[in-house]
Every structure is written in structure tokens, then in C-alpha cells.
Amino acid sequence: MTKLTIYPGSFDPVTEGHFDIIKRAVKLFDRLVVVVLVNPGKKPVFSVQERVGFIKRITAGMDNVEVESFEGLLADYVKIRGASAVVKGLRAMSDFESEFQMALTNKQLNPDMETLFLNTSGEYMFLSSSMVKQVASFGGDISRFIPEEIRDDIVKRLRKVG
Ligand code: PNS
């Protein structure tokens, strides 16, 4: 039986740090679904369609990756998709508390759901979508932080916002 794993996030926008998790996760799991969800604690800059589009472009060559969006609870999405696990990237200890809290809440909502954490690669420990947006809005160079295929479009869009 093929096992489906979900990689959820707000991906506003997807960074090299996220892409690194995707590339490592596809080697570990049969099929990976990257899903753009609503994080009620964040006000996104990019529309859901734009975020899905960016992730689709960078994963175009990966046969076992699917990208979509969902409006609702991650625990429900996992149930609907019949997935066995959720994978998340963990940067520093600062991520740990909120990620642990989410994982435990999700487990209450859907007891069949497992949350697995992949440590972020060393070079992306500091990287976040918010930091990328801030640097770009002040005209800084974000080329090392965003996958090449989508870099120009993201820079253009963030210039407009800034
Ligand atoms: O990339 P982020 O912003 O850290 O991802 C957080 C996200 C979108 C995965 C989280 O906010 C989420 O699961 N949102 C969907 C709504 C939900 O299930 N909330 C309860 C989580 S305990």
C-alpha cells in the first residue's frame, strides 16, 4: 500500500528552507502532498493560488509530489486524504513549543494522525518567509533564500508590496 504524507504550511512564499524539506521528504515517503493552509495567526502577502503556483513550479520534476490548498483544519484534511503522517520542518528550539502544541492538538482531533519532524538543514536554520518578505521589501538581496525558478516573480511581487 502506498503511504501518503502531508507537508502543510502557509508557504508565504515557499523558501529554500521549505524546498529542502520537500526534497528530503520525497526520498523518505512514497507520496508527498504539499498543502497550503490558512494560518490564522498570519496575514498573507501572496494569494493561496500564487502560493500553490510557486510550489507547483519548483516541484514540477518530482513525480511523487502533489500540491494543493485546503481551507480548514489540518486534522480534517489528513483524514479526507487518507494520509498516514504529516511532516514538518523544525528549525531552532524556538519552533519547538508551538509545533509540539499543534502536533498534540492535531492528535486529539485525529488520533490516527502522526506528526514527524525533519530538522532543517544547517544553512536554513535562520530562514523564514517573514524574513524574506522583510528583506525584499527594503530592496535587499533574497536570491539565496528563494528557489531560482520562482525568484524573479517573487522579487517583483514583493517590490510592489514594499
Ligand atoms: O507555515 P506555518 O504558518 O508554520 O504553518 C502553520 C499551519 C498552516 C500548518 C497551521 O496554522 C495549520 O495547521 N492551519 C490549519 C488550521 C488548523 O488545523 N489549525 C489547528 C492547528 S493546531
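The values are calculated or read from the model by the stated rules, or taken from the named source; none is laboratory data. Being a predicted model, the structure only gives us computed values, none of them experimental. Quick reminder, even Gly has a Cβ in these numbers, built from the backbone with ideal geometry, and neighbours come from all protein chains shown. Ligands, DNA and RNA are stripped out before the accessible areas are found, and what is left, the full protein with its side chains, is counted by its heavy atoms. Shrake-Rupley method; radii C 1.70, N 1.55, O 1.52, S 1.80 Å.
Here residue 53 fits the description: more than 10 Å from the ligand (Cβ to nearest atom) and out of contact with any strand residue (DSSP E or B) (no Cβ under 6 Å at 6 or more places or on another chain).
Matching residues to (1) among the basic types (Lys, Arg); (2) at pLDDT 95 or above:
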site	(1), (2)
100	no, yes
117	no, yes
137	no, no
140	no, no
143	no, no
152	no, no
157	yes, no
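Figure legend. Inter-residue proximity from region 99-110: first residues farther than 14 Å from residue 76 by Cβ, second residues within 8 Å of the ligand (Cβ to nearest atom), beta-carbon distance below 7 Å, spacing 6+ or different chains. Indicated pairs: 99/88. In region 16-31, the count of residues that are within 20 Å of residue 146 (Cβ to Cβ) and part of a loop (DSSP other than H, G, I, E, B) is zero.
None of 136, 103 is outside any strand (DSSP E or B), surrounded by 14 or more Cβ atoms within 10 Å (Cβ to Cβ), touching a helix residue (DSSP H, G or I) at 6+ places or on another chain (Cβ under 9 Å) and aliphatic (A, V, I, L, M) except 136. Scanning region 17-64 for residues that are touching a residue at least 60 places away in the same chain (Cβ under 8 Å) and open to solvent by less than 30 Å² (accessible area, probe 1.4 Å) turns up 17, 19, 20, 21, 25, 46, 54, 58.
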